[in-house]
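Single-structure report; data block below.
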Amino acid sequence: MATAVDDTRLDATFAALANTTRRAILARLVEGAATVNELAEPFDMTLPAISKHLKVLERAGLIRRGHRAQFRPCAIEASRLKEVSTWADQYRSMWESRFDQMDVYLTQLQPPNAKRGTNE
Amino acid sequence: MSSDSEAAKSVVIERDFKAPIDLIWKMWSDPEHFKAWYGPQGATIPVAEFDLRVGGRRFVGMEVNTPNGTMRMWFTGEHLKVNEPNQLAYSESMSDENGSVQSPSSMGMPEGHPMTTEVRVDLVVTGDHTKMMLTHVGIPAGSPGAMGWNMALDKLATYVDANTTR
């Protein structure tokens, strides 16, 4: 079950995703782990600037980093993304069942024999 | 409709209903009709108040019977677009019975549910049917205008699905 802590963490995750550079970094990491230098390559940014983005992603739980101080390769944290994607999935099925009910209700409001066209 | 907002969709559902557009519009705008379909199975909607103009309030109360008794949930929001009978858009947050916004997870909602979401309904006549397109977009709390995360979700959820053993 969700807690206030989870909620705060999720806010951090959504905030982390709301940035073009960080999404580009994630998209790169989808292809495999990479070092800061490798991640910085496509961007017109200093290493410290890239490091700052990585810190935001790490705090949000979207990536994990190795412990070797010099290289600290970054890897994507799939479980976190999975968690974030679930609300959309849950809400999709909720709306689908609501609309099934709307269909039933509409049929009650307009009896089929009153006006019938070619169904399906 | 900018291409940005198009890309920011997070839940998009298209349905075809065999009913005139005015009736489908009423499904969303007339409290009595709305109450008849909106609740999940086993839920009732005792309260639905719609001030149908841009900036006007929406307030919905839901009652769900659980093994632990009746659970009440409240939702508040504001109408963002009201173009009868083609387009309705509103924001929505969980609230208490007075309409004060509450954190979704403190209300027992699924993890990952954003603080404020935006629901948009587009209706188009197709013969004697009506095509309805629902767009439900989550807006993370505290990041105004930052709907970009939905784009990330669209792309990355695909990756996650492909890489997570079920």
(message) Once you place label points 7 Å from the Cα toward the Cβ at B:Thr126 and B:Val47, how far apart are they in nm?
(response) 3.8
(request) Please find the FRET efficiency linking B:Asn86 to A:Thr46, where r is the Cβ-Cβ separation and R0 is fixed at 51 Å, and quote it to the nearest 0.05. (result) 0.55
(message) As a footprinting exposure proxy, order A:Thr20, B:Thr116, B:Thr44 by other Cβ within 10 Å, with the fewest listed first.
(response) A:Thr20, B:Thr44, B:Thr116
(message) Give me A:Arg80, A:Arg72, B:Arg53, A:Arg65 sorted ascending by neighbouring Cβ count inside 10 Å, so fewest comes first.
(response) B:Arg53, A:Arg72, A:Arg65, A:Arg80
(request) Count the net charge of all other residues whose Cβ sits under 14 Å from the Cβ of B:Tyr38, scoring Lys and Arg as +1 and Asp and Glu as -1. (result) -4
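All of the numbers you see were taken from the coordinates with simple rules; none came from a lab. Just so it is clear, the model here is predicted, and its values are computed rather than measured. Here Cβ is always computed from backbone atoms with ideal geometry, including for glycine, and neighbour counts include all displayed protein chains.
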